[in-house]
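Okay, structure first, notes after.
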2 protein chains.
Amino acid sequence: MTEDMSELRSERASEAIEFKTGSDTDFVNSPLRQRLKDVLLRRILGGAYKAGDRLVELKIAQEFGTSQAPVREALRDLEATGLVISKPRRGTYVAEVLSEGLREIYAVRGALEEQATRLATVRQSCDLAMLELELQGMRVAAAADDLTSLAEHSVKFHRAIVEAAGNRLLTNLWASLNIETRTTITLLVDGIDLMEAANSHRQIIDAIASGDSERASRVAREHQENFERLPTPNTKLRKDT
Amino acid sequence: MTEDMSELRSERASEAIEFKTGSDTDFVNSPLRQRLKDVLLRRILGGAYKAGDRLVELKIAQEFGTSQAPVREALRDLEATGLVISKPRRGTYVAEVLSEGLREIYAVRGALEEQATRLATVRQSCDLAMLELELQGMRVAAAADDLTSLAEHSVKFHRAIVEAAGNRLLTNLWASLNIETRTTITLLVDGIDLMEAANSHRQIIDAIASGDSERASRVAREHQENFERLPTPNTKLRKDT
DNA sequence: GCCATATCGTTTATCGATAATTGATAAAAA
DNA sequence: TTTTTATCAATTATCGATAAACGATATGGC
C-alpha cells in the first residue's frame with residue numbers, strides 16, 4: 001500500500017495544473033467536490049481512464065490528498081451523467097458503453113433543448129441579440145481555429161435558450177450533463193468543419209425569431225442530432241496513447 | 001444538545017414505519033442513502049416540510065440515528081431534482097418555488113418522454129403487449145379507487161417506453177426525477193378523474209402502434225402537459241395536517 | 001479430483017470528530 | 001447615533017477510522 005505512494009505523489013505534481021485550471025465557473029463554491037468532478041470528467045472524456053476501468057475511491061482520494069468523502073460525492077455526480085456506473089457494494093467503473101454513452105447525450109440534449117426552445121419561443125423570452133452575439137463569437141473562434149472559445153460561445157448560446165424557458169428543473173438537468181466540458185471534446189473530432197458548426201446555429205436563431213414554436217423546437221433537436229452522427233471523439237483522442 | 005434526544009427519539013418511532021415502507025425498488029442496494037432520500041422526498045411532497053424550511057444535515061441525521069454523510073448524499077440527490085436548493089456553505093432549503101417546481105416536472109417529463117417515445121417508435125422496440133397490460137392494470141386500479149396501484153402501473157407504463165428508447169442516459173435522468181414517488185402525489189389531487197387518467201394512456205399506445213414517430217412523440221408530450229394544468233397537489237394534501 | 005464451506009483481503013458505506021466558513025451580535029470608535 | 005470591527009454561535013465541508021459486504025482463495029469433506 002505504501003509502495004504506491006511515490007508513483008502517486010509524482011503524478012500529483014502533474015495533476016496540480018489540471019486541478020487548478022478551473023474551467024469557467026466561480027471557484028468560491030464547493031471547491032473540492034466540484035474540482036474533483038471536473039478533473040475526473042476530463043480524464044474520462046479525454047481517455048485517460050479507459051472504459052471499464054475501476055475507480056477506487058480511496059485511491060483517488062490519496063492521489064489528490066483529500067479524503068474519501070469528496071471523491072465519493074464527485075463520483076456520484078458523474079454517475080448521474082452516465083459516465084460512470086457504480087454497483088452498490090462493488091465499486092465504480094467507467095461506463096463500458098462509453099463511446100455509446102458519449103453519443104447518448106445528444107439525444108438527451110436534443111430532448112431538453114427541443115422543449116426549452118419550444119417554451120422559450122412561446123414565451124418570446126429569448127434574448128435574440130445575445131444569441132446573435134454568441135453566434136458572432138463562434139464565427140470568430142472558428143475562423144481562428146480556437147476550439148475552446150468556440151465551445152464557450154456555443155455553451156453560452158445553448159444555455160441562454162435553456163434558461164429562457166424559465167424552468168429551473170430543466171435548467172438544472174441540462175447543467176448536470178456537463179455540457180461545458182463535453183462540448184470542447186466534441187469539437188476535437190477530426191473532420192468537423194468548425195465554421196459550419198458555428199453557422200449551424202443561425203437556423204436556430206431564425207426559427208426562434210419566426211415565433212413558430214414547433215418549427216423552432218424541431219430545429220433545435222435536429223441541431224443535436226447532427227452531432228450524434230459524428231464519430232466518437234474518444235476514438236480520435238486515443239491516437240496518441 | 002442532549003435535551004432534544006427525548007423528542008427526537010419519540011419521533012423516531014413514528015418514522016420507523018415511514019422508514020421501512022420501501023416504495024417499490026429493491027432494498028438490497030444502498031439502503032441508508034436511498035431510504036433517507038425516500039423519506040425526505042415524501043415529507044417534502046407531502047407537505048411535512050414547507051417551502052423555505054431549512055434542512056439541517058446533523059439534525060436529520062440525529063433524527064434517524066444515522067450519521068451526517070448519508071443525509072448529505074440524500075440531500076444532494078434531492079437537489080438534482082430541484083426539490084431542495086442548497087447554497088454552498090449556507091445550508092439546504094426546501095425549494096421556495098415548490099408549487100412551481102412541482103409543475104415544472106411535467107415539462108421535463110414531457111421533454112424526456114417525447115424523445116423516448118420518438119426513439120422507441122422508430123426502433124419499434126416497445127413491448128406493446130406490456131403497455132396494454134399496464135393500461136388494464138390502471139383501469140382496474142382506477143375502478144377500485146386504488147391510487148397506489150394506479151400510480152405503480154402508470155410508472156411501469158412510462159418507464160417501459162423510456163427504457164425502450166435504449167438510451168441509458170435518458171433512462172437515468174428520467175429515473176432521477178423520482179417519478180415513482182411523485183406520481184402518487186399527483187393523483188391525490190381532488191377532482192381528477194382516475195378512469196380518465198388511466199384511459200388517456202390508450203392514445204399513447206395507439207400512436208406508438210401506428211409507427212408514426214412524430215405523432216407518437218407529440219402525444220406523449222401532450223399527455224404530460226395535461227397534468228401540468230392541474231392544481232398543485234400540495235395544497236390538497238394539507239387537509240389532514 | 002470435485003464441490004461445499006470457511007477465511008481473508010479489498011473496498012465501500014458509514015461513523016464520529018475536527019476544521020473552516022458564514023451571518024449575526026455586540027462592542028468600540030467616530 | 002451611526003459605522004466599523006471583533007467575536008460568537010451554528011452549520012457545513014472535510015477528515016480519519018471503523019464496520020460491513022463482496023469476491024476470491026484456501027480448506028476440508030466426499
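In the range A:49-107, the residue that is least open to solvent (accessible area, probe 1.4 Å) out of those that are of a type in the set (D, E, K, R), in contact (Cβ under 8 Å) with a residue 24 or more places away in the chain and within 12 Å of chain B (Cβ to nearest Cβ) is A:Glu73.
From the list A:Ala151, A:Ala141, A:Ala111, the lone residue that is open to solvent by less than 10 Å² (accessible area, probe 1.4 Å), within 14 Å of chain B (Cβ to nearest Cβ) and either polar (S, T, N, Q) or touching a residue at least 12 places away in the same chain (Cβ under 8 Å) (or both) is A:Ala111.
Among the residues of the range A:157-176, those that are crowded, with 19+ Cβ neighbours inside 10 Å and facing chain B (nearest Cβ under 10 Å) comprise A:Ala165, A:Asn167, A:Leu169, A:Leu170, A:Thr171, A:Leu173, A:Trp174. For the range B:46-97, the tally of residues that are within 13 Å of DNA strand D (Cβ to nearest atom), polar (S, T, N, Q) and part of a loop (DSSP other than H, G, I, E, B) stands at 2. The helices (runs of 4 or more DSSP H) found entirely in the range B:156-211 that carry 1 or more residues being of a type outside the set (Val, Ile, Thr) and farther than 18 Å from A:Thr81 by Cβ are B:179-187, B:194-199, B:201-210. The residues on offer are B:Leu112, B:Leu98, and the sole one that is aliphatic (A, V, I, L, M) and modelled with pLDDT of 95 or more is B:Leu112. Against the test of being acidic (Asp, Glu) and away from DNA strand C (no atom under 16 Å from the Cβ), the options A:Glu100, A:Glu79 yield a single qualifying residue, A:Glu100. A:Arg221 meets the conditions (1) modelled with pLDDT under 90; (2) touching an Asp or Glu at 6+ places or on another chain (Cβ under 7 Å); (3) of a type in the set (D, E, K, R) in every case but one. The failed one is (1). Within the range A:115-129, take every residue that is within 24 Å of B:Ala220 (Cα to Cα) and among the charged types (D, E, K, R) and give me the one that is nearest to the chain's Cα centre (by Cα). Checking each candidate, the answer is A:Arg118. Among the residues of the range A:213-232, which ones are open to solvent by 20 Å² or more (accessible area, probe 1.4 Å), in a helix (DSSP H, G or I) and of a type in the set (D, E, K, R)? Listed by number, the residues that qualify are A:Glu214, A:Arg215, A:Arg218, A:Glu222, A:Glu225, A:Glu228.
Taking the range B:114-138 as the range and being surrounded by 21 or more Cβ atoms within 10 Å (Cβ to Cβ), within 24 Å of B:Glu214 (Cα to Cα) and away from chain A (no Cβ under 14 Å) as the test, the residues that pass are B:Cys126, B:Leu131, B:Glu134.
The values are calculated or read from the model by the stated rules, or taken from the named source; none is laboratory data. A quick note: this is a predicted structure, and the numbers were derived from the prediction, not measured. Quick reminder, even Gly has a Cβ in these numbers, built from the backbone with ideal geometry, and neighbours come from all protein chains shown. Quick note on the areas: whole protein, heavy atoms, side chains included, nothing else; ligands and nucleic acids left out. Shrake-Rupley method; radii C 1.70, N 1.55, O 1.52, S 1.80 Å.
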